[in-house]
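The values are calculated or read from the model by the stated rules, or taken from the named source; none is laboratory data. Because the structure is predicted, anything quoted here is derived from the model rather than measured. Cβ placement follows ideal geometry from the backbone for every residue including glycine, while neighbour counts extend to all protein chains displayed. Please note that ligands, DNA and RNA were not included when accessible areas were found on the heavy atoms of the full protein model with its side chains. Shrake-Rupley method; radii C 1.70, N 1.55, O 1.52, S 1.80 Å.
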Amino acid sequence: MATNSVNIEELKPHKKVKFWAEAKRQPFLLISSALLLLYGIIFYYLPVVGWLTAFQDYKPAKGLLDQQWVGFDKFVKLFENETFFLAFRNTLCMGVINLVFHFITAIGFALLLNEVRIFIVKKFVQTISYMPHFLSWIIVTAIVRDVLSADGIVNEFLMKICGNPQAIDFFAEKAYFWWIVAFTNVWKETGWNAIIYLAAITAIDPCLYEAADMDGASRFQKMRYITLPSLRPTIMILLLINIGNVLNAGFELQYILGNDVISDVSKILDVFILDWGISQFDFSLGTAAGIFKSVIALILVCTGNFIAKKTGDERLF
Amino acid sequence: MKKTKIAAVMLASLMSLSAMAGCNKTPAATTTTGAGGETTAATDAPKQIKEFSAFFAVPAPSEINKDNEIQKIIAEKIGAKCNETWLTGQKEAEAVGVFIASGEYPDFINGGNAMTSLYEAGALVAWDDYIDKYPNIKEFFSDYEWSQFRQSDGKIYWMNPFENIYGDDKTTVQNGEAFWIQARVLEWAQYPKIETLDEYFDVLEKYNAANPTTHDGKKNIPYTMLCEGWRYFCIENAPQFLDGYPNDGSVIVDVNTKKIVDYNTIPTAKRYFKKLNEEYAKGVIDTQAFTQTYEEYISKLSTGVVLGMCDQWWDFSQINDIFKTQGTEQYGYNYIPLGLTIDKGIENQWYTSGGTLNVSSGIAITKSCKDIDGAFKFIDDLLSQEIHDLRFWGVKDVDYKVDDNGLFYRTEDMRKQVADPTYKAKHICNYSYFPQWSGTSRDGKNAMMPTEQPSEFKQSLPEPVKKVFEAYKVDTYVQLLGSVNKAGVWYPMYSYSNNMKTDTKGGTAWNKMGECKHKWLPKVVMSKNFDKTWDEYMKAYAACKPEDFLAEMQVELDKRIAAYEAASKK
């Protein structure tokens, strides 16, 4: 950028005049970038003003600036609450599990699907696999609850085929919950998440495969040494973006499938915010928790980016 | 976070849109029944009908159809109708929070435990200037009762619509809490006297050993407990009753010392949960008790497999209609309330006669209402005897008949009909969260509610329940309990704790205590080593600082006693 302007200056002595002339020549570009800037300001930066409520004792009837300021009281209240840390741990764990499963299954699925020779079958499988993505989470929770209930298909199978003496109450065992959440996410999102990898695979230069064929590479070797390395930049970028989302480990699944028996593992930050923030009309506490989440997400993304930079991989910034 | 934010904004705008849509209809209709209107009345010109909107922060007790017949009749008689909306999916605080955030409200609102938040948000219209203008509203409470509704600015903003008795008390049903037992169990055990928790479980076990299934071969569940969300009172507040105290809900008040007592830590609480723990180990208690949702619980009850549970009548009474329409009530699946105590010889107060005034919530009129006088008139009209009869008895000769003495009664067909959910939705319009009377009708003969009409009540009972009444020589459900009423002037204390929020120390403790009990009570009941788990629970409970909560309740108790003494001196 800097070098460019120096170049222009060297070539053309009347910089100011040149700038306006240049601007006149590309009004569309300028307008569209201005719109984008405006969009960013309105939808990403202005709402941050709402963070002020975290430092107030916010009461809905009054204006934002007529509130009583309480400094860091709400954060203190937040950090004094044991449930908050429990919820934070659960969110982090479920987020990480989801992230790992998300990548393994989506990439694996894309690789396998790519090897399917018959076009019709490939399209058919792909379509079916991404259909669940369009179901709302509420429907999905109902399905999961049903499938795992005492007289659901899983228990029927375990009792009639595997000979379990009695039905397993899947929602009364702490050990199962995170895996139920992870599996449900896999079921719902794998097909959808694989699409971007399938697209990236089509962009790989066919010469590479032809060369490998000449050298006598097997299908598996082509997958291992050509497809996967070619996907590496895509994977890294998506990984960095998704690391920031680790603390958004879902809401509906945990809110609806959780219960008192397993609340130690099922309660996540968003449910905590609902219980202690919105339900108590303590919007300030909810905002404080939201800020905390954002800060953690920022740290995670920056760390991930830093590591990517060090290892010479593709990165966000 | 971002996703939830966007969803919240969209939800808010959707809600406010629908709220606005509700309100926009209102101003168009004004009372224009001048001289001109009367002269043209013969030409069948459609009468102006005001449309109000209402939101009640509870799941719909029973949704009515858009073209409900009685709603239309009432609208023609009083010139107004109200479109009711209910809580769907969210919690009351969320729904009310969205209204507050948007600043747009329906004409009527009952925010449940979030009423004070509506008041603080300046959303409500003060009633003081209106009450005297509307005789039926004024009549609903005594001056002292009205004064209890006053908020911090000294004004009245809402009235509780329920449990108010006109004339003689005709209460038949125990609407509140009890340990319930199926009629078939009592019949099999030859109607024993069951007074304590131990005797209760003893009967359940023995019956189940002798009759392990229902009439269609389903396996019985001797005892279940509902623990989902706010409904976990079904498991947590029994100790207060077992010790012979009334339903102050969140605390016990020691009548002699006028001091607040925490029922979570009294010896009776430990004995009660120990009993549950033993029964759980024996397999008497439903293994899914702690994971079931309310819907699962209700559908379980309506199959008749559950022999007993602790609950409040209104929370499960819809299953009586299901038994009736399914034709299964002959098997004795209906529930009979028992006034249990922890030991013999304690007077119980499961039922407190004379109505209960819960000042913490009620119906309010909002600032968004364009026709405030019209709204008050609507409430006033709903309380007039003619409309009240329409709401609860229905249409004469269709839903009830009148005998030569002027007593209302129903035929068997009518009874079946009004129990049918489809017919109810099409025909019956209770306006069930608007003010309503129980007790005796203004004609001095009939009951305000069909369920309280002595002849009607007896007739409508299923055969097995009738037999129970005969065996115990009682006429009503409440007589079965044998409760005494010694509730103090402060009763019920829950009307204060219901509104507590985390903005006070006590409120924070209250929320933490709730969270702690939700988490630990299942553990306590399922524990293999009860005493150890109980001690751990008590430690976790003490860490919630219940003393902060109790101190605030003590202040409120003292305030209520002082207010009563001041009022009675006048």
| query | Short version: ³J(HN,Hα) in whole Hz for each residue of segment B:138-146, in order, from phi by Karplus 6.51 cos²θ - 1.76 cosθ + 1.60 (θ = phi - 60°), x for Gly and Pro, what are they? | reply | 4, 5, 4, 10, 6, 4, 5, 5, 4
| message | Please give the Cα centre distance for segment A:208-235 versus segment A:84-129, rounded to the nearest Å. | response | 21 Å
| query | Using a simple spin-label model with points 7 Å from Cα along the Cα→Cβ vector, what separation in nm is obtained for B:Thr411 and B:Lys133? | reply | 4.6 nm
| What is the antiparallel percent of DSSP beta bridges lying wholly in the protein assembly as shown, to the nearest 5? | 55 percent
| field | Relative contact order computed over segment A:73-310 (Cα-Cα under 8 Å; 6+ residues apart), in percent | value | 34 percent
| query | segment A:59-140: which trypsin sites (Lys or Arg not before Pro) are DSSP loop and have at most 13 other beta-carbon atoms within 10 angstrom? | reply | A:Arg117
| task | May I ask you to derive the FRET efficiency for A:Ser294 and A:Glu252 from their Cβ-Cβ distance with R0 = 30 Å, giving the value to the nearest 0.05? | result | 0.90
| task | State, to one decimal in nm², a quarter of the convex hull surface area for the C-alpha atoms of segment B:494-569, i.e. the direction-averaged projected area. | result | 6.1 nm²
| query | Is there a simple number for the mean count of other chain Cβ atoms within 10 Å of the Cβ of residues in A:256-263, and what is it? | reply | 6
| message | Can you list the DSSP H helices in chain A whose Cα atoms extend at least 18 Å along the helix axis and whose mean Kyte-Doolittle hydropathy is 0.0 or higher? | response | A:27-40, A:82-114, A:174-202, A:228-243, A:283-310
| request: Go ahead and run the numbers for FRET between A:Gln221 and A:Gln166, Cβ-Cβ distance against an R0 of 51 Å, rounding to 0.05. | output: 0.60
| note | Stokes-Einstein D for segment A:190-317 (20 °C, 1.002 mPa s, Kirkwood Rh from Cα pairs), in µm²/s, comes to 118 µm²/s
| note | Sorted by chain and then number, the residues having a modelled amide H within less than 5 Å of the amide H of B:Thr341, at least 5 places away or on another chain, are B:Thr196, B:Leu197
| Zone residues, segment B:328-366, relative to B:Ala419, backbone N less than 14 Å from point 7 Å out along Cα-to-Cβ | B:328-335
| request: Pull out the extension gain between B:Asp216 and B:Glu278, defined as 0.36 nm times the separation in residues minus the alpha carbon to alpha carbon distance; nm, one decimal. | output: 19.4 nm
| query | If you count, for every residue in A:279-288, the Cβ atoms of partner chains within 10 Å of its Cβ, what is the mean? | reply | 5
| request: Go through A:Val261, A:Phe292, A:Ala175 and say which Cα lies farthest out towards the positive end of the charge dipole of segment A:73-310; charges sit on Cβ, +1 for Lys and Arg, -1 for Asp and Glu. | output: A:Phe292
| message | Per-residue Cβ counts within 10 Å, from other chains only, averaged over B:501-508: what number is that? | response | 4
| If you add up the charges near B:Gln349, with Lys and Arg at +1 and Asp and Glu at -1, over every other residue whose beta carbon is less than 12 angstrom from its beta carbon, what do you get? | -3
| request: Give me the percent of DSSP beta bridges within chain B that run antiparallel, rounded to the nearest 5. | output: 55 percent
| Under the Karplus relation 6.51 cos²θ - 1.76 cosθ + 1.60, θ = phi - 60°, what is the ordered set of whole-Hz ³J(HN,Hα) values for segment B:130-136, x standing for Gly and Pro? | 9, 3, 5, 6, 10, x, 5
| field | Equivalent ellipsoid semi-axes - Cα gyration tensor, chain B, angstrom | value | 39, 31, 23
| log10 of Debye I(q)/I(0), alpha-carbon scatterers only, for segment A:37-118 at 0.17, 0.20, 0.21 Å⁻¹ | -0.92, -0.98, -1.00
| field | Label point distance in nm, B:Gln385-A:Tyr39, each placed 7 Å from Cα along Cα→Cβ | value | 6.9 nm
| task | Please list, in chain and number order, the residues 5+ apart from B:Leu87 or on another chain whose amide H is under 5 Å from its amide H, with Hs placed from the backbone. | result | B:Phe56, B:Val58, B:Ala60
| Between A:Leu30 and A:Gln68, what FRET efficiency follows from the Cβ-Cβ distance if R0 is 51 Å, with the result rounded to 0.05? | 0.70
| Rolling a 1.4 angstrom probe over the protein heavy atoms, how many square angstrom per residue are accessible across segment A:17-154? | 66 Å²
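Take every Cα pair under 8 Å in segment B:494-569 that's 6+ residues apart, average their separations, divide by the length, and report that relative contact order as a whole percent.
Value for segment B:494-569: 37 percent.
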| said: I'd like to know which of A:Ser230, A:Phe272, A:Thr141 lies farthest towards the positive end of the charge dipole of chain A, counting +1 on Cβ of Lys and Arg and -1 on Cβ of Asp and Glu. | reply: A:Ser230
| remark: Rg/Rh of chain A (Cα atoms, Kirkwood Rh), to two decimals, equals 1.07
| Past the 28 Å Cα-Cα mark, which pairs from B:Lys282/B:Lys501; B:Lys77/B:Lys426; B:Lys426/B:Lys473; A:Lys160/B:Lys274? | B:Lys282/B:Lys501; B:Lys426/B:Lys473; A:Lys160/B:Lys274
| said: Given a 1.4 angstrom probe, I'd like the percentage of the accessible area of chain B that is carbon and sulfur, rounded to a whole number. | reply: 53 percent
| If a helix is a whole DSSP H run, which ones in chain B reach 30 Å or further along their own axis (Cα) and hold a mean Kyte-Doolittle hydropathy of at least 0.0? | B:2-28
| task | State, in square angstrom and to the nearest 100, the accessible area buried between chains A and B, both chains counted, probe radius 1.4 Å. | result | 2800 Å²
| Listed peptides B:485-493, B:417-425 by packing density, highest first (mean Cβ within 10 Å) | B:485-493, B:417-425
| Of B:Lys259/B:Lys512; B:Lys275/B:Lys466; B:Lys416/B:Lys445; B:Lys170/B:Lys416, which pairs sit farther than 26 Å apart, going by alpha carbon to alpha carbon? | B:Lys275/B:Lys466
| query | Which cross-chain or sequence-distant (5 or more) residues have an amide H under 5 Å from the amide H of B:Met449, H modelled 1.01 Å from N in plane? | reply | B:Gly439
| query | For segment B:424-430, in order, what is each residue's ³J(HN,Hα) by Karplus, 6.51 cos²θ - 1.76 cosθ + 1.60 with θ = phi - 60°, in whole Hz (x at glycine and Pro)? | reply | 4, 5, 7, 10, 7, 10, 6
| field | Calculated Rg and Dmax of the protein assembly as shown using C-alpha coordinates, Å | value | 32.3, 112
